[in-house]
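Report on the following structure.
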Amino acid sequence: MLTRRHTFALAGALAAGPLARPAIAQQRSLPGLPATMVWSVYDVGSTGYVEASAIADALGRAYGTRVRLQPSGTSIGRVLPLRQGRASHGWLANELFFAVEGLHEYAAPDWGPQEFRTLCGRVNAFSVVATRESGITRPEHLRGKRFAYVPANSSVNVKVEPVLAFAGLTWNDMQLIQFPSYAASLRALIEGRADAAGAAPAAAVLRELEASPRGISWVQLDPANAQGWQAAQRAVPFVEPFQETIGAGLSEASPAWVMGYRYPMITVKAEAPEEEVFALMKAVHETFDLYKDVNPIMDRWAMQRAGTPPMDAAFHPAAVRYLQEAGLWKPEYQQWQERTLRRHEVVRRAWQEFLPGARTLQQSEFERAWGERREAALATLG
């Protein structure tokens, strides 16, 4: 069994060496599973890196597969190798949504909407965190409050929008106070310079807020509020109700209903070979017992949880086939898959119509014009 210490040691070895060396112990063959793979992942020390390391180690021990982890601290640094074929798989977060929708860095003539598909992904939690002294516990309480905002942090900002939409609010309904980084925005709560910020409960700095005199509170999103969730999912389609018990201010005895999303998601290009995708799904599923105890979060890689929508992109057809054969694919999942594939097609078609006449625009004007064209195309979906 891997311990947390062993996992970080493995992560360091993968970063330093060319390939992870699988232990030889009752290895078996799995048709279609590549002998070597390259995974683009988050930086060394991130939870995504540690999780990828643990699963890579399990695949090595079970099947002799060698995995090279290619870490990057930037969205483009993780997505570009996948696009170019230098990485076989990306372990991505919301940059996947931005890439398939052509947003932010990908709203550029040499990018645009990408054709990526998911295999599976771990459920993660997100909401707005607040000081307890602010009295903020529901999204409507954010009106008029001081919100710590990081303009360049599109991954956090895109997940704040559905929290606001849940209560019919927008960014204009709060006092936005700008900070240069995610960590600085959370520390602002401890220092009394802001009342709330977007955050994942696992952020280490929030333990300081929890222990401080200001205290910690989470904006909770009632799972029974159908209207609120419809508004949230119109703002961002990859979110769902989720009860979190792990993180600052949370426990089994004191959970919070927040927003669930997927991080990391194992991602491939749409044209990835079906046999390989099917084999990796099977491998991740069947080696679960080898990596599930690395840390408390790894239990969420159980395929009955990790193989369910919503995701930031549609599932690869071979992933769907595996989930169907494993008895884990439900009719409502297929409905989500079909809606998402339609969305991908509408966005890509809009891009193809937009791009020829927009190449000469300045970048800021290009982004604005594409944003309007994309919104108009999405409106046709109803």
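Listed values, structure above:
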quantity: Test: residue in region 196-209 that is free of Cβ contacts under 8 Å to residues at least 24 places away in the same chain, assigned by TED's automatic domain parsing to the domain that holds Gln230 and in contact with a Lys or Arg (Cβ under 7 Å, 6 or more places away or on another chain); calculated: yes
quantity: Check on Ala253, crowded, with 17+ Cβ neighbours inside 10 Å and of a type in the set (Gly, Ala, Ser); calculated: no
quantity: Ala369 vs. criteria outside the structural domain of Pro109 (by TED's automatic domain parsing) and either at pLDDT 95 or above or under 25 Å from Ala235 (Cβ atoms) (or both); calculated: yes
quantity: Verdict on Leu341 being in contact (Cβ under 8 Å) with a residue 60 or more places away in the chain, of a type in the set (A, V, I, L, M, F, W, C) and either surrounded by fewer than 15 Cβ atoms within 10 Å (Cβ to Cβ) or closer than 22 Å to Ala270 by Cβ (or both); calculated: no
quantity: Residue count, region 125-138 (criterion: in a loop (DSSP other than H, G, I, E, B) and either buried (at least 23 other Cβ atoms within 10 Å of the Cβ) or among the hydroxyl-bearing types (Ser, Thr, Tyr) (or both)); calculated: 1
quantity: Residue in region 39-67 that is nearest to the chain's Cα centre (by Cα), counting only those that are surrounded by fewer than 19 Cβ atoms within 10 Å (Cβ to Cβ) and closer than 21 Å to Pro273 by Cβ; calculated: Arg66
quantity: Filter result for Glu275 (of a type outside the set (Gly, Ala, Ser), surrounded by fewer than 16 Cβ atoms within 10 Å (Cβ to Cβ) and closer than 20 Å to Gly32 by Cβ); calculated: yes
quantity: Candidate set: region 359-382, residues that are touching a residue at least 12 places away in the same chain (Cβ under 8 Å) and surrounded by fewer than 15 Cβ atoms within 10 Å (Cβ to Cβ); chosen: the one nearest to Pro109 (Cα to Cα); calculated: Arg359
quantity: Residues that are within 17 Å of the chain's Cα centre (by Cα), of a type outside the set (Phe, Trp, Tyr), over 24 Å from Leu280 (Cα atoms) and surrounded by 20 or more Cβ atoms within 10 Å (Cβ to Cβ), drawn from region 72-124; calculated: Glu101, Gly102, Leu103, His104
quantity: Matching residues, region 294-322, being farther than 23 Å from Asn94 by Cα and either part of a helix (DSSP H, G or I) or at pLDDT 95 or above (or both); calculated: Arg321, Tyr322
quantity: First in region 268-281 and modelled with pLDDT under 95, second anywhere and surrounded by 17 or more Cβ atoms within 10 Å (Cβ to Cβ) and part of a helix (DSSP H, G or I), Cβ under 9 Å, 6 or more apart; calculated: none
quantity: Count of residues meeting criterion [of a type in the set (Ser, Thr, Tyr) and more than 26 Å from the chain's Cα centre (by Cα)] in region 328-368; calculated: 2
quantity: Leading residue by the ranking (surrounded by the fewest Cβ atoms within 10 Å (Cβ to Cβ)) among those in region 157-205 that are modelled with pLDDT of 95 or more, in a helix (DSSP H, G or I) and of a type in the set (Val, Ile, Thr); calculated: Ile190
quantity: Those residues of region 139-156 which are within 24 Å of the chain's Cα centre (by Cα) and buried (at least 16 other Cβ atoms within 10 Å of the Cβ), in sequence order; calculated: Pro139, Phe147, Ala148, Tyr149, Val150, Asn153, Ser154, Ser155, Val156
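Conditions tested, residue by residue: (1) assigned by TED's automatic domain parsing to the domain that holds Leu103; (2) charged (D, E, K, R); (3) in contact with a helix residue (DSSP H, G or I) (Cβ under 7 Å, 6 or more places away or on another chain).
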site: Val284; (1), (2), (3): yes, no, yes
site: Arg321; (1), (2), (3): yes, yes, yes
site: Leu328; (1), (2), (3): yes, no, yes
site: Gln362; (1), (2), (3): no, no, no
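The values are calculated or read from the model by the stated rules, or taken from the named source; none is laboratory data. Being a predicted model, the structure only gives us computed values, none of them experimental. In this analysis, Cβ positions are derived from the backbone assuming ideal geometry, glycine residues included, and neighbour counts consider all displayed protein chains.
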